[in-house]
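Rule-based calculations on the coordinates, nothing more; no lab input. Only a predicted model underlies this, so the values are computations on that prediction, with no experimental measurement involved. For neighbour counting, all protein chains shown are included, and Cβ atoms are generated from backbone atoms with ideal geometry for every residue, glycine included.
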Amino acid sequence: MHRFRAVAHREGFFYITGQDYHHLTKVLRLQTGEKVYGFDNSGLQWLGVIEKLEKDGALCRVVLEEYPEVEAKTKVYLVMGLAKGDKIDWVIQKATELGMAGFIPLRTHRAVKQLEGKKAEDRVSRWQRIAGEAVKQSRRVVEPKIEQITDWHNLEFVLPQGTQWLLPYEHEKRYSFRHTLAGFNPEYPIAVLIGPEGGFSAEEISQAQEKLGARSVSLGSRILRTETAAIAALTMVLTHFGDLG
């Protein structure tokens, strides 16, 4: 059954507008009487019947209202250095399917790609659309927020107070990912810092450790590509706290 972003209209009804309404009518060609799911990014989901197709939206009568347990209980954010090509597109899609809470694209010294101004805004809008489609495909009910491209000096203000920071680092030999996670509190957000293709600079590593309190950890004996490291780290955190597996 098809799923759409929606808003509560009045008691017993929800409304589907915008691009979702265009997809409902012009692509799927759904008609009155057909059943659809709507969700409003609060965790609430409705099963409804299309009552009326209006000029700007579909009015749907609620059949069932629920809060499905599909969102990860531990909020995990990916903070990733800008990467070339469509690597971030892929990471956002897969990480959303897995249960990522949000994504922060980060300007770094060694990033091949640097985005500014309107190009940056357009790219973030594109990433948000990718996350939105992945939410619908994976039957989640809360869409991860894709933040604006961020610099290091603003990073600590983007995420909630009390966020715990992890820094997968190829030169870390002492602390394993699993060992470090044992000391984290799953009731507080966890942010994972992922470097660009060239990795973080020594200055950035120090900044993450000293200003953010990031714990550097090893992902294992093999060197992973930036997009592989992002998905591997997210999966390990969610699995450790029981949200996967």
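Once you compute Rg and the Kirkwood Rh from C-alpha atoms, what is the Rg to Rh ratio for the stretch 3-66?
0.92
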Quick one: helix 226-240 against the long Cα principal axis of the chain, what's the angle to the nearest 10°, folded into 0 to 90?
80 degrees
In the stretch 137-227, which GluC sites (Glu not before Pro) fall in coil by DSSP and have 11 or fewer other Cβ atoms within 10 Å?
GLU187
With 10 angstrom as the radius, rank ASP56, ASP86 by how many other C-beta atoms surround their C-beta, starting from the fewest.
ASP56, ASP86
Chain lengthening between GLU71 and ARG10 when straightened (0.36 nm per residue, less Cα-Cα)
19.4 nm
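What FRET efficiency would be calculated for the residue pair VAL63, GLU121, taking the C-beta separation as r and a Förster radius of 45 Å, to the nearest 0.05?
Result of the calculation: an efficiency of 0.70.
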Could you tell me the extents of the chain's C-alpha atoms along the three principal axes, largest first, rounded to whole Å?
60, 39, 30
Just to confirm the number: angle between the C-alpha axis of helix 117-138 and the first principal axis of the chain, 0 to 90 degrees, nearest 10?
70 degrees
Which ³J(HN,Hα) values, rounded to whole Hz and listed in residue order, are derived for the stretch 154-169 from phi using the Karplus coefficients 6.51, -1.76 and 1.60 in 6.51 cos²θ - 1.76 cosθ + 1.60 with θ = phi - 60°, glycine and proline given as x?
9, 4, 5, 9, 7, 9, x, 4, x, 4, 9, 10, 10, 10, x, 9
Multiply the residue separation of ASN154 and LYS55 by 0.36 nm, subtract the distance between their alpha-carbon atoms, and state the gained length in nm to one decimal.
31.4 nm
Rounded to the nearest 0.05, what FRET efficiency do SER221 and GLN114 have when you use their Cβ-Cβ distance and R0 = 35 Å?
0.65
Using only Cα atoms, find the angle between the long axis of helix 87-98 and the longest principal axis of the chain, and express it within 0 to 90 degrees, rounded to the nearest 10.
70 degrees
Spatial extent of the stretch 125-243: Rg and Dmax, with the Cα atoms as the point set, Å
14.8, 41
Spin-label proximity, GLN137 to the stretch 228-245 - amide N less than 16 Å from point 7 Å beyond Cα toward beta carbon:
231
